[in-house]
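Engineer: First, the structure itself, so that you have it in front of you.
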Amino acid sequence: MSGYLKNSVKTETPGVNSLSRRGFFGMAWKGLGILVGLETLGMITAYFFSGKNKNTGAPRQLLEAGPVDSFGLNSVSAFMGGRFYLARQQDGGFIALSLRCTHLGCSVSWEADKNRFICPCHSSAFDISGEVLNPPAARALSYYPVLIENGLVKVDIGTLKERTRSGKDQLSYAP
Amino acid sequence: MRSIFLHLHPVKVSESALKLDRTFGLGGMAAILIVIQIFTGIMLRFYYVPSPASAYDSIVYLKEHVLFGPFIRNIHYWSGVFLLLIAFLHFLRVFFTGAYRGVRKINWLFGLFLLLLIVFSNFTGYLLPWDQLAYWAITVSTNIIGYLPLGGTALHEMIVGGKELNAGTLQNFFTFHTALFPLLLLTLVIYHFWRVRKAGGVFLPQKSEKDEMVPVMPNLVFREFIVALLLLAVLFTSAALFDAPLLEKANPAYSMNPTKAPWYFAGVQELLMHFHPFFAAFLIPLAVIIFLAWIPFMKFGQEHNGHWFISDLGKQSSTVTALFAVLVTLSGILFNAWVVNFEILIPGIPAIISNGIIPLIILTVFMMGFYLFYLKKLALTKAEFVQAVFVFIIAAFIVLTLTGIFFRGKDMELSFPWKI
């Protein structure tokens, strides 16, 4: 039987184009197999990526920090519920610094006597504007936008902004 | 029952395969520990609740209100620790007796994969208590993923399910730890054993004529039974005497000081103290894994004879290389911590050069020196040379790991164990 099949295959496919019917179906199966594999892979990837970590596009989550005048110049107030430090610079500008160290994500703490944020994990240090003073951290602390309305300081804790360096344009000033 | 157990074995086995110093029974021990992990893991799941609000409380409940609750948890904890150590020793044994050649090539790869699987099973389990130790150890470890080139940030956010640990992370880790990894582990371990059987059992030095085949029952089965009993005795004693750690409930606002990665990643974390994350967490581990996977596919002039460390020269070069590796790693750590920190010394250039390329070049110079002035003069065979490289990597890894576990105190500064 198999001998007969082999012969018939040979005689069916003479000439340059030597793709037999069997060969064709073999290739078709393989192609279909690869296609099914890719589809499954795509489905699994989509399954994992679409559900988790979705940016819901929720409206701003404003947290009211207090009246502008209650924060002295060059002072840092901790808001552990919102996981940020509200830091008022020497020139009166506000910034809400995330307490996550940019090296490996530990919580930094404000050491007033040293005038810097220090990370307990690998001793990275940041100044009052969030700028790096001591490695291994390479990026300035991330921050949340600050809005000042009717003399009240509000922090949008729904939008975390990452940055490399700190700059004046990231500060908010009372009008 | 008896026939099932006997069915797992061949009828007869070579007498020299029974000698304790051939395998030390390490592979068998690892298999027993995996079975214990599955049993105790299922038992723990009857009480554990995988949500940030209840996880910690469910373990406190287990400890305080469940008969044998702490004991079962302690067994699961210690069995996890032992499994890692024994799987690592098994890996060393297989390498140093050359049991990775020829038909065993593929099984070496499966073995490496199983070792990684055991590491990541342990890692995903580490988070589940949701206490301060778990929360911060997993925070620093997962943040390392964010430094991987090409999509490291996306991968980090996918595994963690967000920018920082949350309910999704716990759900992910719980599923990995209690479903995906055990399933893979069990399937692959069975396959791993089957391939050993297909390859003709334990790898032996060239057969001598005296080597007789003896019946498995009782010669091998009784030996296995003794090893299993001893292992269980040590495991249960540890579980009865030493409690698995449980600190206060996780508090995302306050980091532990010091925050350490799980102990088996202490080596990588120690490397991170000295190298830019791209090198410490990516390039160096990747190079090591590629080297290990490549070992059985190298073209060796002569076959490994199956003797420990190949030859007397192999033994000698391994010992000296291990000493050199310990010396170079220790002095590197101390030099970088006390004498020169390139990132602070040369602040103008990118950290990847000052803290990556420069120290790597210095290390390479030392290793080249060692090669030129010692290894080269011994006229080692290729197999002996590869063995020396392997020894260097393992010894350096062990020194880094021990330093990270025992010699890093407050603020991750170097200190002595009794001061931590």
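Engineer: What are the residues in the range B:174-231 that are touching a residue at least 24 places away in the same chain (Cβ under 8 Å), of a type in the set (S, T, N, Q) and in a helix (DSSP H, G or I), if any?
Structural biologist: Within the range B:174-231, B:T178, B:N219 meet the criteria.
Engineer: Within the range B:162-178, work out how many residues are hydrophobic (A, V, I, L, M, F, W, C) and either more than 21 Å from the chain's Cα centre (by Cα) or more than 26 Å from B:T139 (Cβ to Cβ) (or both).
Structural biologist: 3
Engineer: List the helices (runs of 4 or more DSSP H) inside the range B:312-373, counting only whole elements, that have at least 3 residues being away from chain A (no Cβ under 14 Å), without any contact (Cβ under 8 Å) to a residue 12 or more places away in the chain and acidic (D, E).
Structural biologist: none
Engineer: Taking the range B:3-48 as the region of interest, how many residues are aromatic (F, W, Y) and in contact (Cβ under 8 Å) with a residue 40 or more places away in the chain?
Structural biologist: Here the count works out to 3.
Engineer: Separate question: Exactly one condition in (1) under 30 Å from B:A137 (Cβ atoms); (2) outside any helix (DSSP H, G or I); (3) over 21 Å from the mean Cα position of the chain (by Cα) is false for B:A261; which is it?
Structural biologist: It is condition (3) that B:A261 fails.
Engineer: Looking at the range A:141-161, which of its residues are buried (at least 16 other Cβ atoms within 10 Å of the Cβ) and either at positive phi or within 14 Å of chain B (Cβ to nearest Cβ) (or both)?
Structural biologist: A:L141, A:S142, A:Y143, A:Y144, A:I157, A:G158, A:L160, listed by residue number.
Engineer: Taking A:A78 and the conditions (1) under 26 Å from B:A250 (Cβ atoms); (2) of a type in the set (A, V, I, L, M, F, W, C); (3) assigned to a loop (DSSP other than H, G, I, E, B), which numbered condition does it fall short on, given that it satisfies the others?
Structural biologist: (3)
Engineer: Within the range B:292-300, is even one residue outside any helix (DSSP H, G or I), loosely packed, with under 13 Cβ neighbours inside 10 Å and touching a Leu at 6+ places or on another chain (Cβ under 7 Å)?
Structural biologist: no
Engineer: With of a type outside the set (D, E), away from chain A (no Cβ under 14 Å) and either under 27 Å from B:I310 (Cβ atoms) or surrounded by 19 or more Cβ atoms within 10 Å (Cβ to Cβ) (or both) as the only criterion, which of B:V103, B:V140, B:V119 stands out?
Structural biologist: None of the other options fit; the residue is B:V103.
Engineer: Can you tell me which of B:V268, B:V216 is among the aliphatic types (A, V, I, L, M) and at pLDDT below 85?
Structural biologist: So the residue among B:V268, B:V216 that is among the aliphatic types (A, V, I, L, M) and at pLDDT below 85 is B:V216.
Engineer: Check whether at least one residue in the range A:52-69 is away from chain B (no Cβ under 14 Å), buried (at least 16 other Cβ atoms within 10 Å of the Cβ), over 24 Å from the mean Cα position of the chain (by Cα) and of a type in the set (A, V, I, L, M, F, W, C), and report yes or no.
Structural biologist: The answer is yes, given that some residue of the range A:52-69 is away from chain B (no Cβ under 14 Å), buried (at least 16 other Cβ atoms within 10 Å of the Cβ), over 24 Å from the mean Cα position of the chain (by Cα) and of a type in the set (A, V, I, L, M, F, W, C).
Engineer: Related question: Can you tell me which residue in the range A:103-139 is nearest to B:S141 (Cα to Cα), limited to those that are more than 14 Å from chain B (Cβ to nearest Cβ) and in contact with a Ser or Thr (Cβ under 6 Å, 6 or more places away or on another chain)?
Structural biologist: A:G130
Engineer: How many residues does the range B:143-158 hold that are closer than 21 Å to B:S255 by Cα and either surrounded by fewer than 17 Cβ atoms within 10 Å (Cβ to Cβ) or facing chain A (nearest Cβ under 8 Å) (or both)?
Structural biologist: Here the count works out to 3.
Engineer: Please give the number of the condition B:L83 fails out of (1) touching a residue at least 60 places away in the same chain (Cβ under 8 Å); (2) buried (at least 21 other Cβ atoms within 10 Å of the Cβ); (3) closer than 17 Å to B:T178 by Cα.
Structural biologist: The single condition B:L83 does not satisfy is (1).
Engineer: Next question. Take the residues in the range A:81-119 that are among the polar types (S, T, N, Q) and part of a strand (DSSP E or B); name whichever of them is surrounded by the fewest Cβ atoms within 10 Å (Cβ to Cβ).
Structural biologist: A:S109
The values are calculated or read from the model by the stated rules, or taken from the named source; none is laboratory data. For clarity, every value in this text was computed on a predicted model and none was experimentally measured. Glycine also receives a Cβ, built like all others from the backbone with ideal geometry; neighbour counts cover every protein chain displayed.
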